[in-house]
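Here's the structure we're looking at; comments come further down.
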Amino acid sequence: MKTIWLVDDDEEMLSAMGLMLNMLDFETRFFMRARPAAEALLAGEKPDALLLDINMPEVSGLDMLEFVRRRATWKNLPVIMLSTEAADVTVDQAFALGADGYVTKPVMIDELEAEIKQAMKKRSS
């Protein structure tokens, strides 16, 4: 079973996303901040995909995305951004930094599944 890490500072969102990801047959690991997720990556742990909320305190999801994409070790790690923001400038910035997908909240399970499958396919080739 593939594992997806979800980084989001909203406990309700973590719970809802966890249910959706379990329904899609993914194991999940939750982080309420980007820094502990980055530390886990640096310690050698590696998920099959990473879902990042953009707006988080301390380290934003965009900063975490940039951190991941600057390291060759994680060049094939699929990263999907989550946000309440749908402004073109934010979406464009996420893709420019190397995001593989972008899902706006509230998240619909069909859209989430499609974005995850597309991101995993893109990074596996």
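Read the figures in this text as sums done on the coordinates, not as results from a lab. Keep in mind that this is a model prediction, so the values were computed, not measured. A quick note on method: Cβ atoms are made from the backbone with ideal geometry, for glycine too, and the neighbour counts reach across all protein chains shown.
Net charge near Ile4, counting Lys/Arg +1 and Asp/Glu -1 over other residues with Cβ under 14 Å of its Cβ? Working shown, then result.
Numbers: positive: Lys2, Arg29, Lys46, Lys117, Arg123; negative: Asp8, Asp25, Glu27, Glu45, Asp48, Asp53, Asp100, Glu113, Glu115.
Taking every other residue near Ile4 into account, the sum is -4.
Run the numbers for Thr73 and Asp88: contour at 0.36 nm per residue of separation, minus the present Cα-Cα distance, in nm. Present the calculation step by step, with values, prior to reporting the outcome.
On the way: separation 15, 0.36 × 15 = 5.40 nm, distance 2.95 nm.
Contour length minus Cα-Cα distance gives 2.5 nm.
For the stretch 59-71, putting each phi into the Karplus relation 6.51 cos²θ - 1.76 cosθ + 1.60 with θ = phi - 60° gives couplings of 10, 6, x, 5, 5, 5, 4, 4, 4, 5, 6, 7, 10 Hz, in residue order, rounded to whole numbers and with x for Gly and Pro. Amide hydrogen proximity for Tyr102: with H placed 1.01 Å from N in the peptide plane, the residues at 5 or more positions away or on another chain lying under 5 Å are Met81.
Panel order for Arg33, Arg70, by other beta carbons found within 10 Å of each beta carbon, from fewest to most: Arg70, Arg33. Taking a straight line from the alpha carbon of Lys2, these lysines sit under 17 Å away, with near neighbours fewer than eight places off in the same chain left out: Lys46, Lys117, Lys121, Lys122. When the Cα positions of Gly101, Leu51, Val68 are compared along the charge dipole of the stretch 3-104, Val68 comes out farthest toward the positive end, with charges on each C-beta of Lys, Arg, Asp and Glu.
The peptide list 2-13, 89-100, put in order of mean Cβ contacts within 10 Å with the highest first, becomes 2-13, 89-100.
Based only on the alpha carbon positions, what is the Kirkwood hydrodynamic radius of the chain, in angstrom? Before the final figure, lay out each step's value.
On the way: mean 1/r = 0.0705 Å⁻¹.
One over the average 1/r among Cα pairs gives 14.2 Å for the chain.
State to the nearest 20 debye the size of the charge dipole of the chain about its Cα centre, where the only charges are +1 on K and R beta carbons and -1 on D and E beta carbons.
Numbers: 14 positive and 22 negative charges, 154 e Å.
For the chain, the charge dipole is close to 740 debye.
Backbone phi angles across the stretch 76-92, fed through the Karplus curve with coefficients 6.51, -1.76 and 1.60 (θ = phi - 60°), yield HN-Hα couplings of 9, 7, x, 10, 10, 8, 10, 6, 7, 7, 10, 4, 3, 4, 6, 4, 4 Hz in residue order; Gly and Pro are listed as x.
When the chain is treated as a Gaussian network with alpha carbon springs shorter than 10 Å, the biggest mean-square fluctuation among Met32, Met81, Met108 belongs to Met108.
Entry note, the chain: the mean residue ellipticity at 222 nm calculated from DSSP H runs of n ≥ 4, each adding -39500 (n - 2.57), is -13500 deg cm²/dmol after division by the residues and rounding to the nearest 500.
Between Gln118 and Glu39, the C-beta separation translates, for a Förster distance of 25 Å, into a calculated FRET efficiency of about 0.30.
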